[in-house]
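Q: First the structure, which I've put down as structure tokens, then a few questions once you've had a look.
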Amino acid sequence: MLKTRIIPCLDVVKNKVVKGVNFKNIKVMGNAVEMAKFYSGAGADELCMLDINASYQNRKTFIKTVESIAKVINIPLTVGGGVSDLSDITNLLNAGADKVSINSAAVKNPNLVKKASLVHGSQCIVVAIDAKRFQGNFRVVIKGGRELTPKKLVDWALYVQKIGAGEILLTSMDTDGVQKGFDAEMLRSITSKLTIPVIASGGVGKLEHFYKGHQTRATGLLAASVFHSGKYTIKKVKRFLDKKGVPVRL
């Protein structure tokens with residue numbers, strides 16, 4: 001059985017880790033490289049680093065930050081933000097990323113997902129999807145939550161799986177930073193249909209939320225605020241899940 005992965009997320013702006021609520025009210029939490037090193041030693045299964053304003057500001061992800069983080073961790077690193085073409089993906093992988101997350105660029109140019117998976121292998125390509133409720137549907141949002149698209153979440157997730165995505169990172173804008181739990185309804189809408197792994201993101205506030213996230217059939221549970229604030233350690237989360245019978249790496 002696949003072990004459930006616990007994944008701290010570093011939302012980065014200018015090499016600083018930040019956190020907000022519903023993608024707004026951003027606060028600085030610490031230094032990206034120092035926090036990455038800490039989590040690697042604290043038992044994280046993977047690390048996710050997202051340059052959250054890169055697409056909105058139409059610039060590239062900080063390559064030097066990626067290189068610095070890759071040197072101080074010994075766990076898989078997923079990097080995203082500002083990825084717009086194949087060279088961006090190649091550069092990030094060469095800088096030390098194990099996987100590259102594509103969000104806005106995948107919506108604008110789905111062929112990038114197909115091309116990247118053919119060149120680098122689908123195991124390296126994560127399609128990050130930000131979604132929210134709108135007029136009775138889960139709709140895809142891009143540019144750091146600033147632009148609503150016509151795309152429906154389930155249709156889009158199935159499509160990117162078909163063209164080569166190796167994993168989906170789903171963030172619910174409705175629950176992001178609110179700390180009332182993952183968006184179980186939204187997660188189940190795609191985990192029930194996809195065959196590739198899904199990482200749940202957005203909303204953890206209690207230990208029980210991790211368990212409920214596991215129950216949605218997400219194989220990765222991503223969190224930021226509860227780890228950055230010191231509310232929970234990764235080991236505490238894993239011990240809690242282990243006692244609940246969830247397969248985790250202790």
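The values are calculated or read from the model by the stated rules, or taken from the named source; none is laboratory data. All values reported here derive from a predicted model rather than from experimental measurement. Every residue, glycine as well, gets a Cβ built from its backbone with ideal geometry; the counts of neighbours run over all protein chains shown. Just the protein is used for accessible areas: all its heavy atoms, side chains included, with ligands, DNA and RNA removed. Shrake-Rupley method; radii C 1.70, N 1.55, O 1.52, S 1.80 Å.
Q: What's the number of the only condition in (1) at pLDDT 95 or above; (2) among the polar types (S, T, N, Q); (3) within 21 Å of Asp11 (Cβ to Cβ) that Ser117 fails to meet?
A: (3) is the only condition that Ser117 fails.
Q: Next up: Can you tell me which of Thr191, Thr171, Thr175 is farther than 18 Å from Gly80 by Cβ, open to solvent by less than 40 Å² (accessible area, probe 1.4 Å) and in contact with an Asp or Glu (Cβ under 6 Å, 6 or more places away or on another chain)?
A: It is Thr175.
Q: Next question, about the same structure. Given the criteria touching a residue at least 60 places away in the same chain (Cβ under 8 Å), within 23 Å of Lys235 (Cα to Cα) and within 17 Å of the chain's Cα centre (by Cα), does Val178 qualify?
A: Yes.
Q: Here's another thing I want to ask about it. Hey, which of the strands (runs of 3 or more DSSP E) in region 67-152, taking only ones fully inside, have at least 3 residues that are more than 14 Å from Gly164 (Cα to Cα) and in contact with a Lys or Arg (Cβ under 9 Å, 6 or more places away or on another chain)?
A: 77-80, 125-134, 137-142, 147-152
Q: Considering every residue within region 145-156, establish whether at least one is farther than 12 Å from Ser172 by Cα and aromatic (Phe, Trp, Tyr).
A: Checked against the condition, which is being farther than 12 Å from Ser172 by Cα and aromatic (Phe, Trp, Tyr), region 145-156 yields at least one hit.
Q: Scan (1) charged (D, E, K, R); (2) open to solvent by 60 Å² or more (accessible area, probe 1.4 Å); (3) over 24 Å from Leu2 (Cα atoms) for the single condition Lys244 breaks and write down its number.
A: Checking Lys244 against (1) charged (D, E, K, R); (2) open to solvent by 60 Å² or more (accessible area, probe 1.4 Å); (3) over 24 Å from Leu2 (Cα atoms), the one that fails is (3).
Q: Would you say Gly166 is in contact with a strand residue (DSSP E or B) (Cβ under 7 Å, 6 or more places away or on another chain) and open to solvent by 10 Å² or more (accessible area, probe 1.4 Å)?
A: yes
Q: Condition test on Ser117, is it of a type outside the set (Val, Ile, Thr) and open to solvent by less than 10 Å² (accessible area, probe 1.4 Å)?
A: Considered against the rule, which asks whether it is of a type outside the set (Val, Ile, Thr) and open to solvent by less than 10 Å² (accessible area, probe 1.4 Å), Ser117 comes out as no.
Q: For region 47-62, indicate whether the set of residues that are of a type outside the set (A, V, I, L, M, F, W, C), at pLDDT 85 or above and surrounded by fewer than 23 Cβ atoms within 10 Å (Cβ to Cβ) is non-empty.
A: No, region 47-62 contains no residue that is of a type outside the set (A, V, I, L, M, F, W, C), at pLDDT 85 or above and surrounded by fewer than 23 Cβ atoms within 10 Å (Cβ to Cβ).
Q: Restricting attention to region 219-250, which residues are among the charged types (D, E, K, R) and part of a helix (DSSP H, G or I)?
A: Lys235, Lys236, Lys238, Arg239, Asp242, Lys243
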